[in-house]
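The values are calculated or read from the model by the stated rules, or taken from the named source; none is laboratory data. Nothing here was measured: the structure is a model prediction, and the numbers come from that model. We place every Cβ from the backbone using ideal geometry, glycine too, and count neighbours over all the protein chains shown. Please note that ligands, DNA and RNA were not included when accessible areas were found on the heavy atoms of the full protein model with its side chains. Shrake-Rupley method; radii C 1.70, N 1.55, O 1.52, S 1.80 Å.
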Amino acid sequence: MDYLLLLYSNEDGWTSMTPEQQQQGYAAYMAYTEALKKAGAYKASQRLRPVSTATTIRVTDGKSQVLDGPYVESKEQLGGFFLIEAPDLDSALAWAARCPGASHGTIEVRPIWSMDAPQTS
């Protein structure tokens with residue numbers, strides 16, 4: 001089964017780090033990605049641009065509303081994701097706990113509904 005690991009953290013945290021801390025953080029994510037790949041669990045990952053670059057769209061009564069920035073305010077922002085394959089939720093949670101982002105933010109683990117199969121809850 002596929003799982004999406006959504007990485008939430010305070011996006012100002014990266015810019016407040018020293019160059020050495022940023023290098024260590026980058027190395028930790030590269031090592032994590034390599035571990036996922038070696039285990040055959042890695043499918044995809046990306047880092048997102050800052051929330052200030054986001055655009056939100058909402059359709060109400062057939063009319064589109066386009067807003068700059070995120071729709072909700074929060075202390076943590078969605079900063080990236082990993083799409084992994086794991087045999088079960090416990091395995092996906094174990095991978096999430098190993099993610100460097102878990103030490104300075106929150107990792108949300110969501111199973112992916114396959115569009116090829118009937119949807120059940």
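Looking at region 18-109, what strands (runs of 3 or more DSSP E) fall wholly within it and have at least 2 residues that are at pLDDT below 95?
Because the criterion is at least 2 residues that are at pLDDT below 95, the strands (runs of 3 or more DSSP E) in region 18-109 that meet it are 55-60, 63-68, 77-85.
Suppose the filter is among the acidic types (Asp, Glu) and farther than 26 Å from Met1 by Cβ; does Glu34 pass it?
no
Considering region 40-50 alone, what residues qualify as being among the basic types (Lys, Arg) and touching a residue at least 24 places away in the same chain (Cβ under 8 Å)?
Result: Lys43, Arg47.
Filter region 1-22 for residues that are without any contact (Cβ under 8 Å) to a residue 12 or more places away in the chain and among the charged types (D, E, K, R); which is farthest from Pro50 (Cα to Cα)?
Glu20
Need the failing condition index for Lys37 against (1) without any contact (Cβ under 8 Å) to a residue 12 or more places away in the chain; (2) of a type in the set (D, E, K, R); (3) in contact with a helix residue (DSSP H, G or I) (Cβ under 8 Å, 6 or more places away or on another chain), just the number.
In the conditions (1) without any contact (Cβ under 8 Å) to a residue 12 or more places away in the chain; (2) of a type in the set (D, E, K, R); (3) in contact with a helix residue (DSSP H, G or I) (Cβ under 8 Å, 6 or more places away or on another chain), Lys37 misses (3) alone.
Could you tell me which numbered condition Gly13 fails, if it satisfies all but one of (1) open to solvent by 40 Å² or more (accessible area, probe 1.4 Å); (2) farther than 30 Å from Met115 by Cα; (3) part of a helix (DSSP H, G or I)?
Only one criterion is unmet by Gly13, namely (1).
Exactly one of these conditions fails for Ala28: (1) aliphatic (A, V, I, L, M); (2) surrounded by fewer than 12 Cβ atoms within 10 Å (Cβ to Cβ); (3) under 16 Å from Ala96 (Cβ atoms). Give me its number.
It fails just one condition, (2).
When only residues in region 70-93 that are free of Cβ contacts under 8 Å to residues at least 60 places away in the same chain and surrounded by 13 or more Cβ atoms within 10 Å (Cβ to Cβ) count, which is nearest to Leu5 (Cα to Cα)?
Filtering region 70-93 for residues that are free of Cβ contacts under 8 Å to residues at least 60 places away in the same chain and surrounded by 13 or more Cβ atoms within 10 Å (Cβ to Cβ), the one nearest to Leu5 (Cα to Cα) comes out as Leu93.
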